[in-house]
Amino acid sequence: MTITHCIRIFSAVICALALTLNLHAADTTRRVALVIGNSRYEAAVGPLRNTVNDANAMAKTLRALGFTVIEETNVTRDKLLAAMLKFRTKLRGAEVGLFYFAGHGISVAGANYLIPVRSGYKPDAADDTARRLLAETKLFNAEQAVAEMSNTGVACNLVILDACRSTPLARNPALRDAAKTGGLVEMNPPAGSLIAFSTDAGRAASDGEGANGIYTAELITHLRTPGLTIEQVFKRTRAGVMDRSGGAQIPAEYSRLVGDDIFLAGPAPAAKPEKEAIPKGQPVRIPTLAEINKLAATGDAAGCIESLRRYVRKNGLPAAPSVPLATLLDQVKEKLRDKKSATPRADAILQTCDLILGAISDCLPAEQPQSATLFAKAHSRRGDTLILLGRNAEALESFDAALTLAPTDAYILCNRATALLALDRKDEARADFTKAATIAAKKSGAHKLATEALATMK
């Protein structure tokens with residue numbers, strides 16, 4: 001055998017091995033997402049403040065959940081179509097496909113369209129037929145995303161539209177909206193698909209007062225929660241958005257998902273076994289309020305919250321449903337005071353915060369006066385914990401969510417400023433410290449924190 005022949009055989013083996021490895025790598029890429037955020041719209045359409053932030057936060061969350069993410073911001077129609085082609089190519093063989101769009105969206109002649117930047121869409125006084133033809137050439141038909149994902153054979157397709165709900169030619173600057181009437185119309189997904197709107201058909205979605213819109217802020221919180229099915233993620237998101245908007249914004253989903261449940265953040269942590277097995281056929285005893293409060297006092301967050309859920313399911317809302325949850329939040333606060341001892345336990349503290357957030361959604365209706373206060377505290381404590389873990393971008397999202405509910409809380413402003421400093425966003429941090437120093441009582445701890453921080457930043 002000649003040397004040349006040996007080299008050829010060796011090269012063939014290497015190529016075969018490389019092909020095998022590449023196939024294996026493709027097989028393990030089971031989740032693929034396309035995330036789009038458009039904010040730099042022309043004046044006639046109306047620029048948006050939080051949509052790129054929303055897209056960035058969503059992309060980061062999805063990567064942490066094992067998605068291969070194609071992320072694009074401020075895209076023209078041509079760039080959006082190119083991104084869609086790339087997305088469709090990567091989707092083949094995936095288990096879950098996800099398309100997320102934050103920006104302006106409108107309905108034209110019964111169809112929904114997403115608006116690219118610099119679209120040149122000017123319908124003026126055209127009739128429905130002419131407007132539909134114009135929209136097809138200038139905008140992006142949301143049905144195209146649904147159809148292209150479905151045609152790849154992916155078993156579970158998720159289309160999430162955090163978009164405005166009406167024509168962008170007369171936009172209300174306070175909302176991700178463009179006029180008093182109009183909006184997206186209901187969509188009929190194919191089997192294996194779920195389409196989610198950030199608010200109900202024909203309504204307007206809030207752009208949010210913090211760094212993120214309230215829909216995306218709630219959605220990424222629940223996407224990260226272990227033990228939730230896809231359907232449960234959207235149910236909890238809806239509850240959170242309704243709570244934070246005072247019922248003004250109600251997200252909607254149109255689902256034809258099939259097959260086994262999918263847990264994007266993995267299964268829930270294994271529950272501790274009961275000390276005494278319950279005989280088969282014997283009804284589960286409903287704990288008393290005193291027992292629930294005792295579990296909270298002893299720091300058994302999982303036991304307290306499960307008992308509270310059982311009580312609410314059986315007896316309805318108790319007279320003081322916030323008491324055990326407030327106790328757990330106070331305990332989290334005490335653990336976080338001692339930074340050195342808190343650091344090794346930060347993962348457990350974060351899990352407790354997530355459990356509390358879920359319990360507030362499940363056990364306290366939005367009309368409960370304590371609900372918003374508890375949500376704000378839980379999001380703030382979660383942010384504090386994430387700072388300990390070095391996850392400052394995620395901490396910022398939690399503080400934004402807290403400030404949406406408690407915009408004049410000086411302590412939360414100081415905490416958000418700390419996260420902003422860690423992200424080297426000094427001007428924004430200075431603004432938060434300045435606001436905290438202005439609104440806090442001069443003898444309060446928040447005022448001292450803010451003024452000392454401002455002094456060191458000079």
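Just so you know, all these numbers are worked out from the coordinates, no wet-lab data involved. Note that the coordinates shown come from a computational prediction; the quantities given were computed from them, not determined experimentally. Quick reminder, even Gly has a Cβ in these numbers, built from the backbone with ideal geometry, and neighbours come from all protein chains shown.
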Checklist line | Ordering of 127-134, 146-153, 346-353 by burial proxy (mean other Cβ atoms within 10 Å per residue, highest first) | finding: 346-353, 146-153, 127-134
Check: Are there GluC sites (Glu not before Pro) in the range 362-449 that DSSP puts in a loop and that have at most 10 other Cβ atoms within 10 Å, and which ones?
Finding: E367
Item checked: Cα extents of the range 289-457 along the three principal axes, largest first (Å) -> 54, 34, 27
Note to self: Exceeding 24 Å between C-alpha atoms, which entries from my cross-link table qualify? They are K60/K90; K86/K122; K235/K333.
What the structure shows: K86/K122; K235/K333
Next item on the list: Please work out the FRET efficiency for the pair D261 and E143, using the Cβ-Cβ distance as r and a Förster radius of 30 Å; give the result to the nearest 0.05.
Entry: 0.65
Next item on the list: Between E95 and D127, take the C-beta separation as r, use R0 = 41 Å, and let me know the FRET efficiency to the nearest 0.05.
Entry: 0.40
Margin query: For a quick check of your reading of the filter: which GluC sites (Glu not before Pro) in the range 32-74 sit in a DSSP loop and have no more than 13 other Cβ atoms within 10 Å?
Written below: E42
Next item on the list: Would you calculate the volume per residue, in Å³, of the smallest convex hull containing every Cα atom of the range 29-255?
Entry: 105
Checklist line | Greater than 31 Å apart at Cα, pairs in K138/K426; K377/K426; K314/K377; K79/K426 | finding: K138/K426; K79/K426
Next item on the list: Provide S307, S380 in ascending order of the number of other Cβ atoms located within 10 Å of each residue's Cβ, fewest first.
Entry: S307, S380
Check: If each residue's Cβ is checked for other Cβ atoms within 10 Å, how do L34, L403 rank with the fewest at the top?
Finding: L403, L34
Notebook entry, point to check: Hey, fewest Cβ within 10 Å first, where do C414, C363 land in order?
Noted result: C363, C414
